Amino acid sequence: MAQDTTVSKLDFKYWLDKATEWGQATTLESQEDVCRHLPRLQEFLQQIYETLKHMNSVVAIQQFPLIGQLLGRLCWNPFVVGYDESQKILIWCLCCLYSSEPQNPVELKANSWIRSLLCHLLSSSKWESNEAGTSTFISALGYTSADYYSHLIKNMVSSLVTELRGNQVNGLNIQGRVSATRLSEVSLSCVPLITLPDLTPLLETLLLCHGGASQEVLSSEFLEAVNEAFLKKKISLSETAIFSLWLRHLPSLEKAALDLLEQLVSIQTTSLEEVACIIKDSLLPQAAIHPAIFLIVDEIFKTALLETDGAPEVVTIVQVFTQLFVQAHQNEKQQHKFPLKVYFSHCHQPLVRALLRQPTDIHCSQHLKCISEMVKTLIEDESVGSFVDLFEIWFLIARFGEWLDVAAEQLLKASAEPDALLWLLAFYYSPQNENQQRAQTMIEAAGIYNRLRMLFNCTALSVKDLQDAVHETDIKQSGTQQLTTHLLISFLLFSSGGHTIAQEYISHVSK
């Protein structure tokens, strides 16, 4: 094959060998193997098409002399044809090979072969019968072939749902009604058809059916395929079914959480509302009401923060997720739901309880002082000497970042003694600092804070006033800069003259 093609010889040979090995997928082993490879195969077929569409049929055959063998075998594999968009891509590839003006008997024979394959694929897509007698009978009933086979699929799904639901009485699994083997076989047969809307009731029934076995009874290929289709929004399932999927298949839950992180980090937005909408739409905050799901997602977020060194965008994701999780927990109507502190059982419980309080329900300055004193006591405890212990305390505060915003607001608006609130912010932005370094951060932060307080009630402000207030302090600690930014944002939001210069100041800083 030519070097400029996007399809390598190695890939082509691999998939031709696979297609030959699978045949028409008549054995359980071949069906399982096909299901494992369907997403990658579809990507490969898309590459084939992207290459073929720029060639005429003669060049295509020269570049891919075995293309006929590959496409021919795949067209007769029902698992491949039934999967997602594979059938459509196969049709596109065959059309690229068709000679509009055949010049010799070989091209004429190739055209005839392509027509037969296209007829096979198109008849499959329209659910048409190859038997004239059946077609006549269907017509006599007043149906088209498409109507008849659509109803047939719905009836088959209904029958299977009834069979599987017979395995449960009052929510309890009844052993022996449907065997684990049967459940596994049914789930595997669904893999190539998962995106069919008519199949949804069967998918949900399978996800909610556990059988009598102690181990997972549904095929892993099925669980992975359902999760992938859900994440790509190709299917719509009930929350109960999705939660059951994630509870019974850890890799699917991990992929959902990692996909959410990747999506949020890659989008260009400054809107917290958009971030919240995407997170809520993922169903992960609602699913996290199950403690097992919460702990897994929480651990993934923790790892992401460690790997990105506390990147602000990841911190924001964690904070918004926590807010949505708490809301979902409060809206949960189950009578015997777990108390919120259970989800943070490995953390210092008095601090957890303090952070879970709503700022609107209490005297904020005093409450923040208590939070600050608890954190200070924890990190000055001799037993908290490791990085892991320090990180766990910081991560708990990071989850409830709303309190940090309240602290910055209270510093500027209230006349209360500011040391405790400044210390809390200093710890958050420089958790790794030793006492001497944190003391220096406190001195620098206090200098900026005092100048901002003097300007807070001024109605006639200029950008220069704000610049002078910041630049008059000699900042040496790296965390002080982030703390200063937080104070400046609060100043622009809540001070008398901040709104009038906010846009100009932000533009100036951006330059």
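The values are calculated or read from the model by the stated rules, or taken from the named source; none is laboratory data. In this text the structure is predicted, and so the values were computed from the model without any measurement. Glycine gets a Cβ as well: all are built from the backbone with ideal geometry, and neighbour counts include every protein chain shown. Areas reflect the complete protein model, heavy atoms only, side chains present, ligands, DNA and RNA absent. Shrake-Rupley method; radii C 1.70, N 1.55, O 1.52, S 1.80 Å.
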For segment 313-329, pairs from a residue that is of a type in the set (Gly, Ala, Ser) to a residue that is not in a helix (DSSP H, G or I), with Cβ under 8 Å and 6 or more apart or across chains, are ALA328/ALA288; ALA328/ILE289
Residue pairs qualifying under the 7 Å Cβ cut-off, at least six apart or on distinct chains, with the first in segment 277-306 being over 15 Å from GLN319 (Cβ atoms) and the second being buried (at least 18 other Cβ atoms within 10 Å of the Cβ) and hydroxyl-bearing (Ser, Thr, Tyr), are PRO291/TYR343; PHE294/TYR343
Just name the residue that is modelled with the highest pLDDT out of those in segment 456-480 that are assigned to a loop (DSSP other than H, G, I, E, B) and farther than 16 Å from MET442 by Cα. PHE456
Checking SER187, SER150, SER214 in turn, the sole residue that is in contact with a helix residue (DSSP H, G or I) (Cβ under 9 Å, 6 or more places away or on another chain) and at pLDDT below 85 turns out to be SER150
Residue hits (segment 70-90; open to solvent by 10 Å² or more (accessible area, probe 1.4 Å) and outside any helix (DSSP H, G or I)) are TRP76, TYR83, ASP84, GLU85
Filter segment 425-449 down to the residues that are under 39 Å from the mean Cα position of the chain (by Cα) and among the acidic types (Asp, Glu) and list them by number. GLU434
Could you tell me whether VAL34 is surrounded by 16 or more Cβ atoms within 10 Å (Cβ to Cβ), modelled with pLDDT of 85 or more, closer than 17 Å to HIS120 by Cα and not assigned by the TED database to the domain that holds LEU199? no
Cβ pairs under 7 Å, 6+ apart or interchain, first in segment 93-115 and more than 21 Å from HIS54 (Cβ to Cβ) and of a type in the set (D, E, K, R), second open to solvent by less than 100 Å² (accessible area, probe 1.4 Å) and in a loop (DSSP other than H, G, I, E, B), ordered by first then second residue, are none
Among the residues of segment 251-276, count how many are modelled with pLDDT of 95 or more and open to solvent by 30 Å² or more (accessible area, probe 1.4 Å). 5
Where residues in segment 53-98 are of a type in the set (D, E, K, R) and over 32 Å from the mean Cα position of the chain (by Cα), which of them is nearest to PHE222 (Cα to Cα)? ARG73
Residue under question is THR308, and the condition is that it be surrounded by 12 or more Cβ atoms within 10 Å (Cβ to Cβ) and among the polar types (S, T, N, Q); does it hold? yes
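For the structure I just gave you, tell me whether LEU108 is touching a Pro at 6+ places or on another chain (Cβ under 7 Å) and open to solvent by 70 Å² or more (accessible area, probe 1.4 Å). Give the steps one after another, and end with the answer.
Working: touching a Pro at 6+ places or on another chain (Cβ under 7 Å): yes; open to solvent by 70 Å² or more (accessible area, probe 1.4 Å): yes.
So LEU108 fits the description; yes.
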Test: HIS346 is in contact (Cβ under 8 Å) with a residue 12 or more places away in the chain and under 27 Å from the mean Cα position of the chain (by Cα): yes
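Which helices (runs of 4 or more DSSP H) does segment 219-267 wholly contain that include 2 or more residues that are within 14 Å of LEU203 (Cβ to Cβ)?
Working: elements: 220-231, 239-248, 250-266.
Those helices (runs of 4 or more DSSP H) span 220-231, 239-248.
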Can you tell me which condition GLN63 does not meet? The list is (1) among the polar types (S, T, N, Q); (2) open to solvent by 20 Å² or more (accessible area, probe 1.4 Å); (3) under 16 Å from VAL191 (Cα atoms), and all the others hold. (3)
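Answer with yes or no whether ILE296 is over 26 Å from SER219 (Cβ atoms), in a helix (DSSP H, G or I), of a type in the set (A, V, I, L, M) and not assigned by the TED database to the domain that holds SER238.
On the way: over 26 Å from SER219 (Cβ atoms): no; in a helix (DSSP H, G or I): yes; of a type in the set (A, V, I, L, M): yes; not assigned by the TED database to the domain that holds SER238: yes.
When the stated conditions are applied, ILE296 does not pass them.
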Would you pick out the residues in segment 40-60 that are within 20 Å of LEU196 (Cα to Cα) and open to solvent by 10 Å² or more (accessible area, probe 1.4 Å)? ARG40, GLN42, GLU43
